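The values are calculated or read from the model by the stated rules, or taken from the named source; none is laboratory data. On a predicted model such as this, the values are computed, not experimentally measured, just so you know. Note that each Cβ is placed from the backbone with ideal geometry, even for glycine, and that neighbours are counted across all protein chains shown. For the accessible areas, the whole protein counts, side chains as well, though only heavy atoms, and no ligand, DNA or RNA atoms are used. Shrake-Rupley method; radii C 1.70, N 1.55, O 1.52, S 1.80 Å.
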Amino acid sequence: MTPPPVAERADLNRVFTGDQGMAPGTRWVDPYSPLSITVLDRTETTLTVRVAYEPECATYSLSPGANAGANGGRLTLSVAAPAGCPWELTARPFWMTPRVQKGIGPATVVVEVEANGQPGGRSGAVTLGRNTRIIEQSGRAVAPVVAFGSPNAGPVRTGVSTSFSFLVRDENGVGDVRFVDVVIGETADQARGCAFRIDATVGTFTYLVGSGRDNAFCTLGGYVNPNNNTFRGEERELRPEVVLKPALGAAVTVFVEAEDRSGLRSAVWRSGLLRLQTECRVSVFPGLHFSAVAGDTTLPARAEGCALTATSEVSWIRATVAGPESIRWQVEAYSGAEMRSGYVNVSGNRVLLTQSGLDPVLRPVLRPQEWEVGNAGGEVQFQVGLAGGFLAGGRVTSTVPWLTGRAVDNKGGVYPFVEVTVAPNLKGEAREGDVLVAGSAFRVRQGGTVERPSFAASSVANLNGDVGWVSAGGFVVVSGSNLAGTSRAWSGADMVDGRLPEVLAGGSARCDGMPLYPAFVSPGQVNLYFDVAGEGTCELKLTRDGVESVGVRVGYGSGYGAVLGIPHAAGLQAAAVFGDGTLAGSYGRPVRGGELISVFAMGLGETEPMPEAGRVLKGPLALRRLPVVTVGGLAAVVEWGGLVGTGVYQVNLRVPEGLAEGNHEIRVGDGPAGWRVGLEVQSGRVPEQ
């Protein structure tokens, strides 16, 4: 045999390249033929090689179709080789192992094959020299898996076509699903029920007969299989249509089982509970219509194939089953002018009921329209007048549970009065509700149970926190409990005819009988404008919704002023502005020595003239005596001071010079030591004008 040209077999330049590749003993073997080249010697100018063409002396054979089953086993190979011929046999991958891997001369070799635990098949190879044989091994046989898919919610109506859904999966690499059996009944093998088979091999959908089964309880319809009757390895869906008959009962179970072509059946039955609802035919009295007058009547009704039930969908209709074949209809009186309608659900069927509007001549007139009732409750009466002299049915209802009413009968059959019972109000808040007479409403208002307001002398203080004394012409803060029923501050709407309100949201205050003016009320705190001149003490009392507190003695007088403070990260900062109205200090531009600013304060005392008691201030009023103001301990020059708003004073001053840059305390009058208000000062002074 003539060897093929070397150039057609391999790249010798890659094999014999570099010092290592040219070393004596280097050998190259053609993987496709018996050709080999070996380096014998090498000098600087010569390279001696031996070229050999040596055909393999050994071959092997397997019997035709020699593949391995899923359980594994042995493969027998016959090695044909002359005496003295060496050979080597390999098998891959790991699940095939030859008992003998090398030998000389003829031999028989056994290859051990492990079992395949996976459902899919696999392949390997046995090689002797250049002779390779592919070995196929089948996968583990797996029974098909089936499950009941739908319907899975709500009842199935009998007598109509129902589409079921079954999911089928067969992971076996050899066999596909052959058929699926479905049984609908109480047990999987009962005779009374519905049983059918879906044959996936030919696509048929037939009754499942045998074992005494009775399929008179269903009718088979169409059959949908979008997967061409194949189920191999993937999940498929079957959708047969079945008409179930009412004789099956109220509830049954669906059982499903599958078998593949290898004869394996699904391990367990998959079952799902199926609720059945028979077809219900309802007949009621035709033309259900009522007049505006309240109605109460019993009419024939019948339900076939289901129980007779009645449930109203609207509040003004009440429908109840009065007997096996009758329903009682109760309709409230209606005072509207237009006809109204509502539905009643009768055994799953909606039945329409209509009611005429009330002639305006017949609408009741209630006198009085409202009643005010104390928290103890009791009974009140309303007179009902009708132009037509007739109260529609005399029906009285209410919108709240604490009001109950009834029409007081009269000898002539007319209802001239409505008597209403009002339950006691044990809660602190007032309440209100409506009583309805033939659709017309009247209102009942009831006060709540009010606890006595409570506070102590130690909880009475100026806005600046000074406890024990109240600044005349300033604001006082009272803390306690049950001081008001709600939270509210006064507004412009409360200033009627230029007067300050004496009562705010049911809360008021007096000191020795002198009215104080609530600027803010809440259950736990009340802010009062103390519009009292001079000095002295008085007994302070708070009133909430007519309930008066115990009196507390407090002292008042002038000279207890303090600068109004605005919350800031650096602490309370003075409410101050420059002449152009821009903010001065931490919230605006820091002030400088000699600069004129306006500072707002409270409780600085009497003005000339004094403001009219209880009146909204119409214009600024100058102080009788200018206060002493210090900034950082240095006296400021006060140019003017006066009352500019209700309880609010304005002091115009020049910032003292010589203050270091930073935040300094500003004090006015004899303000409390604990009330610290800052003013931001920057270095330098204002240039003289």
Putting +1 on Lys and Arg Cβ atoms and -1 on Asp and Glu Cβ atoms, find which of ALA570, LEU528, LEU540 reaches farthest to the positive end of the dipole of segment 526-600. ALA570
Accessible-area order for TYR517, TYR334, TYR587, largest to smallest, probe 1.4 angstrom, reads TYR587, TYR334, TYR517
Rounded percent of accessible protein surface that carbon and sulfur make up, segment 567-644, 1.4 Å probe: 59 percent
For segment 586-683 the GluC sites (Glu not before Pro) that pass both the DSSP coil test and the at-most-14 other-Cβ-within-10 Å test are GLU612, GLU657, GLU661
Under a 1.4 Å probe, counting only protein heavy atoms, GLU88 has an accessible area in Å², nearest 10, of 100 Å²
Just how much of LYS427 is accessible, in Å², when a 1.4 Å probe is used and the result is rounded to the nearest 10? 150 Å²
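Going by the alpha-carbon gyration tensor, a ≥ b ≥ c the square roots of its eigenvalues, is segment 459-543 rounded (a/c under 1.5) or, if a/c is not under 1.5, prolate (a/b greater than b/c) versus oblate?
Here segment 459-543 falls in the oblate category.
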Could you order THR311, THR127 so the one with the most accessible surface comes first? Probe is 1.4 Å. THR311, THR127
If R₀ is 45 angstrom, what is the calculated FRET efficiency for the pair SER262 and ALA216, using the beta carbon separation as r and rounding to 0.05? 0.85
Compute, for ASP580, the solvent-accessible surface of its heavy atoms (probe 1.4 Å) with the complete set of protein chains present, and express it in square angstrom to the nearest 10. 120 Å²
